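Novice: Have a look at the structure that comes next, please.
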Amino acid sequence: MNQRRIFIKNTLIAGAAASFSPSFLMSATRTNKEKLGVALVGLGYYSTDLLAPALQLTEHCELKGIVTGSPEKIPVWQEKYGIQDKNIYNYENFDSIANNEEIDIIYVVLPPSMHMEYTVRAANAGKHVWCEKPMATSVEECTTMINACKSNGVKLAIGYRCQHDPNIQAYMKVAKERPFGKVKMITSAAGYFDGRTDHWKQKKDLGGGAMGDMGVYALQGARLATGEEPISVLAQASTTRPEIYHEVEETMMFQLEFPSGALASCQTSFGIQMNYLHVNYEKGWLKMEPHSSYNGNKGSMSDGTIINFSINSQQAKQMDEDAWSIKNNQNMLVPGEEGLRDIRVVEAIYKSARQNCVVKL
Ligand code: NAD
């Protein structure tokens, strides 16, 4: 292990240790519960395959409830996770969760067009909210969500698991400390081949489209590697399967310009497997591949530094850190405002693709 890698690793560990030190814990406001109760809303792929299993590994939160419109899923979930009858809701009686003291956090894992409604209802029920990416389908919806959580005095976090991953934090640190000078050019890509033909990801009114789904990872790569917000975008949408992708784009290519002069060329697709981030600085480079996977994200830098931290479960780390922050009344690592920053750019990308011109932000 070379010196630079040791340095990055030690600094990250020291940072984590400081924020979890006993004196820090003592100074914060704490609730009495050791584990906060989480209710998952929407029991599709991500809840079933990733979040519920990860909630079996968490120290600061646990799976206590479910909200589902599919009654046939209830016995399966009860059997697997011991969820009590009184902690099971459907979309109609969901608001009565306000009276359930076992549920502290509602995790919205629905198609994006439903994120605003369920976030606002959860906040009005007095529960903290975790909401999956993309935060919503417009800046206006994101703002409504942030305001609803603020006015109800509850926290809002967006499920950007990668920001909890030390491998991603390593290049965010490079953006801050600039050991290679300014960022000149970024190339980032996030996509996979989706063989489904009738899914919300292909429907406009449910918030489908590659840009909101995988595109936010490519966008996050550019934003986090520069530490800046784009000032202009130029985008082009396309599809090779118009019989499936006629309402939304299968592929989006977008270019970003940042205030420092840094440029980014980004791609996302439901037709192409791609998962990387390349950053060219004034005096060096950084590459991550994979960049936005559930595990195994890794990279290297031009000075020989290797980025390759192993973590047990990204989702467990994300939910534990967010639950810890709620218990201790700290700011969320990825608050609603961060989800909104992406959607502001996503809106501009769609406008640029529609109007075939550069859109200033
Ligand atoms: P999914 O289609 O597998 O599940 C969606 C769930 O919503 C299903 O349980 C479905 O029954 C329910 N639902 C309720 N009303 C619906 C409607 N009108 N149309 C369709 N479904 C409806 O989707 P998913 O892959 O689990 O994605 C859910 C959310 O999680 C999305 O926001 C997605 O972007 C996000 N996600 C995040 C990650 C990540 O790595 N952070 C990974 C996968 C998905």
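Novice: Tell me which lysines have Cα within less than 24 Å of residue 182's Cα, excluding those fewer than 8 residues away on the same chain?
Specialist: Here the lysines satisfying the reach criterion relative to residue 182 are 9, 173, 283, 287, 298, 360.
Novice: Under a 5 Å amide H to amide H cut-off, with H placed in plane at 1.01 Å, what residues pair with residue 207 once short-range neighbours are removed?
Specialist: 113
Novice: Write down, largest first, the equivalent ellipsoid semi-axes of the range 31-160 in whole Å, where each equals the square root of 5 times an eigenvalue of the alpha-carbon gyration tensor.
Specialist: On the way: eigenvalues 93, 53, 40 Å².
Over the Cα atoms of the range 31-160, the ellipsoid semi-axes are 22, 16, 14 Å.
Novice: Applying the Karplus parametrisation 6.51 cos²θ - 1.76 cosθ + 1.60 with θ = phi - 60° to the phi angles of the range 293-305, what ³J(HN,Hα) value in whole Hz is obtained for each residue in order, glycine and proline being reported as x?
Specialist: 7, 5, 8, x, 4, 7, x, 8, 10, 5, 8, x, 5
Novice: For n ≥ 4 DSSP H runs only, could you compute -39500 (n - 2.57) per run for the chain, divide by its residues and tell me the 222 nm figure to the nearest 500?
Specialist: Only helices count here, giving -9500 deg cm²/dmol.
Novice: Pull up the cross-link candidates among the lysines for residue 86, meaning alpha carbon to alpha carbon under 30 Å and not fewer than 8 places away within one chain.
Specialist: Residue 86 reaches 33, 35, 64, 73, 127, 133, 150, 155, 317, 327.
Novice: Quote the FRET efficiency, to the nearest 0.05, computed for residue 59 versus residue 308 with a Förster distance R0 of 22 Å and r equal to the Cβ-Cβ distance.
Specialist: The value I calculate is 0.35.
Novice: To continue, here is another question. Please report the equivalent ellipsoid semi-axes of the range 30-82, computed as sqrt(5 x eigenvalue) of the Cα gyration tensor, largest first, in whole Å.
Specialist: Equivalent ellipsoid of the range 30-82: 21, 11, 10 Å, largest first.
Novice: Please say if the range 208-300 is rounded, prolate or oblate, where rounded means a/c under 1.5 for a ≥ b ≥ c the square roots of the C-alpha gyration tensor eigenvalues, and otherwise the choice is prolate for a/b larger than b/c and oblate otherwise? Mind showing how you got there, number by number?
Specialist: Numbers: a/c = 2.54, a/b = 1.46, b/c = 1.74.
Oblate, because a/c is 1.5 or more while a/b does not exceed b/c.
Novice: Still on this model: With a 1.4 Å probe and every protein chain kept in, tell me what percent of the accessible surface of the chain is carbon plus sulfur.
Specialist: The value for the chain is 52 percent carbon and sulfur by accessible area.
Novice: Assign one of three labels to the chain, namely rounded, prolate or oblate, based on the Cα gyration tensor with a ≥ b ≥ c the square roots of its eigenvalues; rounded applies when a/c is under 1.5, prolate when it is not and a/b is larger than b/c, and oblate otherwise.
Specialist: On the way: a/c = 1.77, a/b = 1.20, b/c = 1.47.
Oblate is the answer for the chain, as a/c is 1.5 or above yet b/c matches or exceeds a/b.
Novice: Report Rg(Cα)/(2.2 N^0.38 Å) for the range 152-254, keeping two decimals.
Specialist: Taking the Cα Rg and dividing by 2.2 N^0.38 Å, one obtains 1.29.
Novice: While we're looking at this one, here's another question. At what distance in angstrom do the alpha carbon centres of the range 86-126 and the range 238-306 lie from each other?
Specialist: Cα centroid of the range 86-126 versus Cα centroid of the range 238-306: 34 Å apart.
Novice: Still on this model: State in Å² the accessible area per residue of the range 31-160; use a 1.4 Å probe, count heavy atoms of protein chains only, and round to the nearest integer.
Specialist: Value returned for the range 31-160: 41 Å² of accessible area per residue.
The values are calculated or read from the model by the stated rules, or taken from the named source; none is laboratory data. All of these numbers come straight from a predicted model, not from anything done at the bench. Here Cβ is always computed from backbone atoms with ideal geometry, including for glycine, and neighbour counts include all displayed protein chains. Surface areas here come from the heavy atoms of the whole protein model, side chains and all, with no ligands, DNA or RNA. Shrake-Rupley method; radii C 1.70, N 1.55, O 1.52, S 1.80 Å.
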